[in-house]
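*Asks:* My questions will all concern the structure given below.
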Amino acid sequence: MTSTYCLAILFALVIFYAIFIKMRNAGMKERYATWWFVIAIGVLIVSLFPKALSFVAHLLGVQVPLNLALVTGAVVFMLLTLRMSVDLSHASEERRKLTEEIAILNYELDIIKSQQAGKKSDH
């Protein structure tokens, strides 16, 4: 096993450790951690069994196995980015709705307070 594969195994283990720490301490959500687990498992499998990548590349007709790994990695990261963009869009829309609801509630509260202040001054 070459130093490159050892480095890749170390990378996968560091990713596993970082995911567990972030989930435990920083509140990383499971839906995001799942993507990183998939990436780390993929790197670990390819590092432990380098011939597997060559075999899959041969089956798919890819001449250079590293090209398959890079394209697969790029697609996974694009999907991850798409997922985060969708979640960010939903969060932004939810924040806008909550801000509007708070403004309406504050307005209604001001009306109620002014009505109560008016009733107290009448007494």
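*Asks:* Could you count how many residues in the stretch 17-34 are assigned to a loop (DSSP other than H, G, I, E, B) and open to solvent by 100 Å² or more (accessible area, probe 1.4 Å)? I'd like the intermediate steps shown before the answer.
*Replies:* Filtering the stretch 17-34 for residues assigned to a loop (DSSP other than H, G, I, E, B) gives 27-29.
Checking the rest, the ones that are also open to solvent by 100 Å² or more (accessible area, probe 1.4 Å) come to 29.
Total satisfying the criteria: 1.
*Asks:* Right, next: Within the group Phe49, Phe77, which residue is among the aromatic types (Phe, Trp, Tyr), open to solvent by 90 Å² or more (accessible area, probe 1.4 Å) and within 23 Å of the chain's Cα centre (by Cα)? Outline the logic, then answer.
*Replies:* Working: Phe49 fails: within 23 Å of the chain's Cα centre (by Cα).
The conditions single out Phe77.
*Asks:* Among the residues of the stretch 85-108 satisfying the criterion of being of a type in the set (A, V, I, L, M) and open to solvent by 80 Å² or more (accessible area, probe 1.4 Å), which is nearest to Thr34 (Cα to Cα)?
*Replies:* Of all residues in the stretch 85-108, those of a type in the set (A, V, I, L, M) come to 86, 88, 91, 98, 102-105.
Restricting the remaining residues to those that are open to solvent by 80 Å² or more (accessible area, probe 1.4 Å) gives 88, 98, 102, 104-105.
Numbers: Leu88: 18, Leu98: 29, Ile102: 34, Ile104: 39, Leu105: 38 Å.
Per the stated criteria, the residue is Leu88.
The values are calculated or read from the model by the stated rules, or taken from the named source; none is laboratory data. Predicted, not measured: the structure shown is a model, and the values here were computed from it. To get the accessible areas, we keep the full protein, side chains included, count just its heavy atoms, and leave off ligands, DNA and RNA. Shrake-Rupley method; radii C 1.70, N 1.55, O 1.52, S 1.80 Å.
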